[in-house]
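Working notes, structure below.
Where a number appears in this text, it was derived from the coordinates with a stated rule and is not lab data. Here the structure is a predicted model, which means the values were calculated and not measured. We place every Cβ from the backbone using ideal geometry, glycine too, and count neighbours over all the protein chains shown.
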Amino acid sequence: MNKMGFYHSLNSSFMKSRLSFLRHLKERDLKGTQLFVGDKCLGLIEALIETYPLSRFQRCMVHFYRNVFSVVPRGKVKQVAAMLKAIHAREDKGAALDKLEDVVGKLKEMKLFEAAKKVEETGLETLATWIFPGNIGDGSARIMPWSD
């Protein structure tokens, strides 16, 4: 198991294809990359650790939202969407973490236990931009998904 809690297998076909792509980017002189955003597909995290060990990974917010919505009744999606947006609209990481915890509690009160579990287990993965103060993490450049 690697430092991010994933099983590291250079032999998986998924890992090999992601690794090949990232090595190609590196050969084309992609350097200094601090943040990768993606859907956490199989093998991606391991390939990033192998090719860009100093970079950070953030789960794509749209994929995160869709994963949560997949277990939310249709009639409650708008309400849950507003709750999720509120997490990413906070002024700093501490406030975002507090709001994430609050949203998990509200989802449990609404008896949306699977949604609460998804937010609790993967919500933190959407907050990596907060480590870049003055850039993306201060909220000035953040794109809010699912805007009306």
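Based on the Stokes-Einstein relation at 25 °C and a viscosity of 0.890 mPa s, and on the Kirkwood radius from alpha carbon pairs, the range 13-59 is assigned a translational diffusion coefficient of 232 µm²/s. Among residues other than Tyr65 with Cβ under 13 Å from its Cβ, the summed charge is +3 (Lys and Arg +1, Asp and Glu -1).
Backbone geometry of the range 95-108 corresponds, through the Karplus equation with coefficients 6.51, -1.76 and 1.60 at θ = phi - 60°, to 3J(HN,Hα) couplings of 5, 5, 5, 4, 5, 4, 4, 5, 5, 4, x, 5, 5, 5 Hz, x marking Gly and Pro.
Averaged over residues, the count of other Cβ atoms within 10 Å places the peptides 103-109, 41-47 in the sequence 41-47, 103-109, highest first.
The dipole here belongs to the range 13-59: it is taken about the Cα centre, uses +1 on the Cβ of Lys and Arg and -1 on the Cβ of Asp and Glu, and is about 40 debye. Under the simplified labelling scheme, the Ala86-His24 pair shows an inter-label distance of 4.4 nm, with each label point 7 Å from Cα along Cα→Cβ.
Note that the range 78-87 has calculated 3J(HN,Hα) couplings of 4, 5, 5, 4, 4, 5, 5, 4, 4, 4 Hz, one per residue in order, obtained from phi through the Karplus relation 6.51 cos²θ - 1.76 cosθ + 1.60 (θ = phi - 60°); glycine and proline are x. Of all lysines in the structure, those lying under 26 Å Cα to Cα from Lys118, and not within fewer than 8 positions of it along the same chain, are Lys3, Lys40, Lys76, Lys78, Lys85, Lys93, Lys99, Lys106, Lys108.
Note on Leu42 and Lys78: the extension gain reaches 10.0 nm, defined as 0.36 nm multiplied by sequence separation minus the Cα-Cα distance. Where in the range 37-70 is the amide nitrogen less than 19 Å from a point lying 7 Å along the Cα-to-Cβ axis of Phe113? Residues 68-70 qualify, since their backbone N sits under 19 Å from the label point.
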